[in-house]
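Notes to accompany the following structure.
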Amino acid sequence: MKLQVQGHAAYAYTGGKAFASDGPCIAFIHGALNDHSVWTLLARWYAHHGARVLAVDLPGHGRSEGPALPSVEALADWLLALLDAAGVARAHLVGHSMGSLVALEAASRAPERAAGLVMIGTAYPMKVSDALLATARDDPARAIAMVNAFSHSTLASKPSYPGPGAWLRGGSSALMHRIQNDADGNLFEHDFRVCDAYAGGIEAARRVTCPAHLIVGTRDTMTPPRAAKELAGVLDATVSRIASGHALMQEAPEAVLNAVREAIPA
Amino acid sequence: MPGPSDPAFDTLALHAGAAPDPATGARATPLHLTTSFVFESSEHAASLFNMERAGHVYSRISNPTTAVFEERVAALEGGVGAIATASGQAALHLAIATIAGAGSHIVASTALYGGSHNLLAYTLARFGIETTFVKPRDVDAWRDAIRPNTKLLFGESLGNPGLDVLDIPRVSAIAHDAGVPLLVDATFTTPWLQQPFKLGADLAFHSATKFLSGHGTVIGGVLVDSGAFDWERSGRFPELSAPYAGFHDMVFTEESTVGAFLLRARREGLRDFGACMSPHTAWLILQGLETLPLRMERHVANARKVVQFLAAHPLVAGVGYPELESHPDHALARSLLPRGCGSVFSFDLRGSRRQGVAFIEALQLFSHLANVGDCRSLVIHPASTTHFRMDDAALAAAGIGPGSIRLSIGLEDADDLVADLKSALKAAERAAA
């Protein structure tokens, strides 16, 4: 559905159900150069099990108007404003990669509005190498190919996403190219710099009051499990370890669903 | 900076989509000959039907063995996914039926396989889908033929049988300017010789019966989506960008930013038209796909030797192979097909129709039949077989003469093939007497 957030049109996928006026709500926040379509299976599952779902397109990504926002903090404020626009007082916040930092920061800025925090494929700090930042700046297509290769741990993920017959590496690459090509400016470099620059993660984690759950991929080379240890400790989070690369929702949709269900029962 | 990349083509041909079977440890892809798959619970069943979870329900819609084949072809083509079909014709029909209906219009090349021409010119016209045919080399004609109701531009990477080289970069640019996708039949080239998506095509399909399988054992097709075409922005495709009452009121472009086309093609096309591939067929074609790079290299090498022989023979009026400077698309082929132009081509015999018959009947190694892309060498007379429904004008438009003979060069020793052709040409000479 379309919402007006901070003066711009914003889009949120509602899981194949009309967005109800009340009931438990889950907000899904995608990562760098992605959009809501990385969440559709999870979003549909929760929407068909009694939850209200908002799988957002972040500003400047996909169907949400730009400009892309300059920091994790600004994105967190935007997310809270989107909840306002949707009439949602309190929501579970589920983020992947860059989106997990946005969820963390939003949960810290408005603890009373976060019913739960789920961070998937996460790390803190989420530093990006100078070499990759330079490639993202100078040759985004090459950087997309690199990140796509980094993000997948296998050539055969079953049952695939969104279903059998889908070639995950091709889908991820096509999505990143689509988002990059449709954006104003070099969104890939922008998103990576947003991740790299975020310095408030530990302080944010200390302010979080809701239950926190981390879902990490044991084969993730983008955000390896060890890079989330300090964050998990400060959040006192439960941690699910899944055999997957960084593209967890695509490589291991069933395992991610089961792990999220531990944190957010239907 | 140098960095990781996805595995190369030859590796993907062996591994993409397949992993050791978690249940048994089987290394080769198991053949799942089953119609259906047991639900874990009623809730699990409902979630599969609602597309809340991924998985297999019924083998007309998906099957684990068939999915390996689909994912492997998608990987080799550089696409987001694929759908295996009962035949190449079924793949073409699925592509069209997913985005077109009564009142729709298609622009297609004149240089098409006869079966494709039949479907477009006669059968789909009966269902209200009209096609304008244009010469593939006439770039302006592609542009001029596009109408407000045009849904698709369609051509063959190498046109059958004259091997017109489709200028995919230019034709796709014309298509995209109009908000229309370009569909390419890539059967003759396979992704080893050319990946249409890298050149600008949006959809591709194969008769997998041919080179992808390579063994001449089964009929099959496969339709691949690049994921690059923006169906919503185009404004021409409410089939994908508006709620579909036939499937949960799903808006396919919202459901999957880059996989909308395949979602509808599978959830409607396979469900309702039902032209699915048998898992057994998928398994057999997978055996062929594993050696596609090796076979294509040999097909091309053999074809070059045969072309060289025929081009120098006095009884041969001409050979239609784009690697020859005499072919009108020679320069384009050097640019778009640097690895070669495949192993299916036509040549024209001098002399009478009787000499043509004598030639074909004298061949020993070449099999006279209606197929291409087999590991064995094949021969056919298009005007009386594959393209027999076309009148003389349509034949000429497709670059086919009454004396044209089409060869599909296999994997035999090239010297043996040349010897067989030499002997048959002598028989044709004798038939002139």
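The values are calculated or read from the model by the stated rules, or taken from the named source; none is laboratory data. In this text the structure is predicted, and so the values were computed from the model without any measurement. Don't worry about glycine lacking a Cβ; one is built from the backbone with ideal geometry, like all the others, and counts go over all protein chains shown.
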Can you say whether B:His280 is out of contact with any His (no Cβ under 8 Å at 6 or more places or on another chain), in the same structural domain as B:Leu411 (by TED's automatic domain parsing) and in contact (Cβ under 8 Å) with a residue 24 or more places away in the chain, as far as the supplied structure shows? no
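Inside the stretch B:213-289, counting only helices (runs of 4 or more DSSP H) that do not spill past its ends, which hold 3 or more residues that are more than 25 Å from B:Asp202 (Cβ to Cβ) and more than 12 Å from chain A (Cβ to nearest Cβ)? Before the answer, list the steps.
On the way: elements: B:231-234, B:238-241, B:252-255, B:260-264, B:279-289.
Qualifying helices (runs of 4 or more DSSP H): B:279-289.
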Residue under evaluation B:Arg354, criteria (1) under 27 Å from B:Ala208 (Cα atoms); (2) touching a residue at least 24 places away in the same chain (Cβ under 8 Å); (3) charged (D, E, K, R); (4) in a helix (DSSP H, G or I), criterion not met: (1)
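Being outside any loop (DSSP other than H, G, I, E, B) and among the β-branched types (Val, Ile, Thr), is that true of even one residue in the stretch B:4-16? Write out each step before concluding.
The first filter runs over the stretch B:4-16 and keeps only residues outside any loop (DSSP other than H, G, I, E, B), leaving B:9-15.
Filter once more, so that each one left must be among the β-branched types (Val, Ile, Thr): B:11.
Within the stretch B:4-16, one or more residues are outside any loop (DSSP other than H, G, I, E, B) and among the β-branched types (Val, Ile, Thr).
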Residue pairs, Cβ under 6 Å, 6 or more apart or interchain, first in the stretch B:248-263 and hydrophobic (A, V, I, L, M, F, W, C), second modelled with pLDDT of 95 or more and assigned to a loop (DSSP other than H, G, I, E, B). List them. B:Val251/B:Pro243; B:Val258/B:Val80; B:Val258/B:Gly227; B:Leu263/B:Ser256
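Any chance the stretch A:209-230 includes a residue that's among the charged types (D, E, K, R) and touching a strand residue (DSSP E or B) at 6+ places or on another chain (Cβ under 7 Å)? Lay out the reasoning, then the answer.
Pass one, the stretch A:209-230, residues among the charged types (D, E, K, R): A:219-220, A:226, A:229-230.
Filter again for touching a strand residue (DSSP E or B) at 6+ places or on another chain (Cβ under 7 Å), leaving none.
Among the residues of the stretch A:209-230, not one is among the charged types (D, E, K, R) and touching a strand residue (DSSP E or B) at 6+ places or on another chain (Cβ under 7 Å), which makes the answer no.
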Within the stretch B:376-390, work out how many residues are surrounded by fewer than 18 Cβ atoms within 10 Å (Cβ to Cβ) and within 19 Å of B:Leu417 (Cβ to Cβ). 1
Residue in the stretch B:296-310 that is in a helix (DSSP H, G or I), closer than 21 Å to B:Gly17 by Cβ and in contact (Cβ under 8 Å) with a residue 24 or more places away in the chain present: yes
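Just the residues that are outside any loop (DSSP other than H, G, I, E, B) and within 9 Å of chain A (Cβ to nearest Cβ), please, taken from the stretch B:41-62.
B:Glu43, B:Ala46, B:Ser47
If you take the residues in the stretch B:377-422 that are modelled with pLDDT of 80 or more and of a type in the set (D, E, K, R), which one is nearest to B:Gln89 (Cα to Cα)? Let's see the steps before the verdict.
Filtering the stretch B:377-422 down to residues modelled with pLDDT of 80 or more leaves B:377-381, B:404-422.
From what's left, of a type in the set (D, E, K, R): B:406, B:412-413, B:415-416, B:420, B:422.
Details: B:Arg406: 20, B:Glu412: 28, B:Asp413: 32, B:Asp415: 35, B:Asp416: 33, B:Asp420: 32, B:Lys422: 35 Å.
Looking at residues that are modelled with pLDDT of 80 or more and of a type in the set (D, E, K, R), I get B:Arg406.
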Of everything in the stretch B:1-45, what is within 30 Å of A:Ala43 (Cα to Cα), modelled with pLDDT of 95 or more and of a type in the set (A, V, I, L, M)? Give them in sequence order. B:Ala16, B:Ala18, B:Val38, B:Ala45
Residue in the stretch B:63-79 that is assigned to a loop (DSSP other than H, G, I, E, B) and more than 7 Å from chain A (Cβ to nearest Cβ) present: yes
B:Thr29, sole failed condition from (1) of a type in the set (Ser, Thr, Tyr); (2) surrounded by 14 or more Cβ atoms within 10 Å (Cβ to Cβ); (3) not in a loop (DSSP other than H, G, I, E, B): (3)
Looking only at the stretch B:80-98, filter to residues that are assigned to a helix (DSSP H, G or I) and small (Gly, Ala, Ser); which one of those is surrounded by the fewest Cβ atoms within 10 Å (Cβ to Cβ)? B:Ala97
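If the requirement is being in the same structural domain as B:Asp249 (by TED's automatic domain parsing) and free of Cβ contacts under 8 Å to residues at least 40 places away in the same chain, which of these qualifies: B:Leu48, B:Leu94, B:Leu112, B:Leu33?
Details: B:Leu94 fails: free of Cβ contacts under 8 Å to residues at least 40 places away in the same chain; B:Leu112 fails: free of Cβ contacts under 8 Å to residues at least 40 places away in the same chain; B:Leu33 fails: free of Cβ contacts under 8 Å to residues at least 40 places away in the same chain.
Unique residue meeting the criteria: B:Leu48.
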Need pairs with beta-carbon distance below 8 Å; first residue part of a loop (DSSP other than H, G, I, E, B) and within the stretch B:404-433, second among the charged types (D, E, K, R); sequence gap 6+ or separate chains. B:Gly410/B:Asp374; B:Gly410/B:Arg376; B:Leu411/B:Arg295; B:Leu411/B:Arg298; B:Leu411/B:Arg376; B:Glu412/B:Arg376
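Check every one of the strands (runs of 3 or more DSSP E) wholly within the stretch A:1-97 and list those with 3 or more residues that are aliphatic (A, V, I, L, M), surrounded by 24 or more Cβ atoms within 10 Å (Cβ to Cβ) and touching a strand residue (DSSP E or B) at 6+ places or on another chain (Cβ under 8 Å).
Working: elements: A:2-5, A:8-13, A:25-29, A:52-56, A:91-96.
Per the criteria, A:25-29, A:52-56, A:91-96.
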For B:Gly115, only one of the following conditions fails: (1) under 30 Å from B:Gly401 (Cβ atoms); (2) at pLDDT 95 or above; (3) surrounded by fewer than 24 Cβ atoms within 10 Å (Cβ to Cβ). What is its number? (2)
Please find, within the stretch B:66-78, the residue that is surrounded by the fewest Cβ atoms within 10 Å (Cβ to Cβ) out of those that are closer than 20 Å to B:Gly269 by Cβ and not hydrophobic (A, V, I, L, M, F, W, C). B:Glu77
Looking at the stretch B:162-180, which of its residues are closer than 26 Å to B:Val344 by Cβ and not in a helix (DSSP H, G or I)? B:Gly162, B:Leu163, B:Asp164, B:Val165, B:Leu166, B:Asp167
If the Cβ limit is 8 Å and pairs must be 6+ apart or interchain, which residue in the stretch B:321-338 that is without any contact (Cβ under 8 Å) to a residue 24 or more places away in the chain pairs with which residue that is of a type in the set (A, V, I, L, M, F, W, C) and assigned to a loop (DSSP other than H, G, I, E, B)? B:Glu323/B:Cys341; B:His330/B:Leu324
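Here are B:Val251, B:Val258, B:Val222: which of them is β-branched (Val, Ile, Thr), touching a helix residue (DSSP H, G or I) at 6+ places or on another chain (Cβ under 6 Å) and more than 16 Å from A:Gly171 (Cα to Cα)? Steps first, please.
Details: B:Val251 fails: touching a helix residue (DSSP H, G or I) at 6+ places or on another chain (Cβ under 6 Å); B:Val258 fails: more than 16 Å from A:Gly171 (Cα to Cα).
Testing whether each residue is β-branched (Val, Ile, Thr), touching a helix residue (DSSP H, G or I) at 6+ places or on another chain (Cβ under 6 Å) and more than 16 Å from A:Gly171 (Cα to Cα) leaves just B:Val222.
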Kindly indicate which of A:Arg193, A:Arg219 is of a type outside the set (Ser, Thr, Tyr), within 14 Å of another protein chain (Cβ to nearest Cβ) and surrounded by fewer than 20 Cβ atoms within 10 Å (Cβ to Cβ). A:Arg219
Filtering the stretch B:201-212 for residues that are part of a loop (DSSP other than H, G, I, E, B) and more than 16 Å from B:Val258 (Cβ to Cβ) leaves a count of 5
A:Ser108 - would you say it is in contact with a Ser or Thr (Cβ under 6 Å, 6 or more places away or on another chain), assigned to a helix (DSSP H, G or I), of a type in the set (Gly, Ala, Ser) and touching a residue at least 12 places away in the same chain (Cβ under 8 Å)? no
